[in-house]
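This report refers to the structure that appears directly beneath it.
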Amino acid sequence: MRRWVGYIVQTVPALHQVRLRGVFLTVGKARPDHYFRIAGLMLFGYGFHLDLMAS
């Protein structure tokens with residue numbers, strides 16, 4: 001379990017950078033319905049991240 005936590009801790013910041021860059025690019029040319037999809041993905045991602053931190 002600890003190995004997974006270390007892997008996640010190393011990977012998450014990189015994922016956040018990539019995701020944020022992708023989100024900004026996507027938002028630049030997004031239709032309004034894409035905003036809801038992006039918001040849902042981000043909420044899901046952060047909820048998943050918080051679940052991992054809590055466990």
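Taking the conditions exactly as written (out of contact with any Phe, Trp or Tyr (no Cβ under 7 Å at 6 or more places or on another chain), part of a helix (DSSP H, G or I), surrounded by 10 or more Cβ atoms within 10 Å (Cβ to Cβ) and at pLDDT 70 or above), does L41 satisfy them or not? In short, yes. Looking at the range 1-23, is at least one residue modelled with pLDDT under 70, among the aromatic types (F, W, Y) and surrounded by fewer than 10 Cβ atoms within 10 Å (Cβ to Cβ)? No; the residues of the range 1-23 include none that is modelled with pLDDT under 70, among the aromatic types (F, W, Y) and surrounded by fewer than 10 Cβ atoms within 10 Å (Cβ to Cβ).
The values are calculated or read from the model by the stated rules, or taken from the named source; none is laboratory data. Keep in mind that this is a model prediction, so the values were computed, not measured. With ideal geometry, Cβ positions are generated from the backbone for all residues, glycine too; neighbour counts draw on all protein chains shown.
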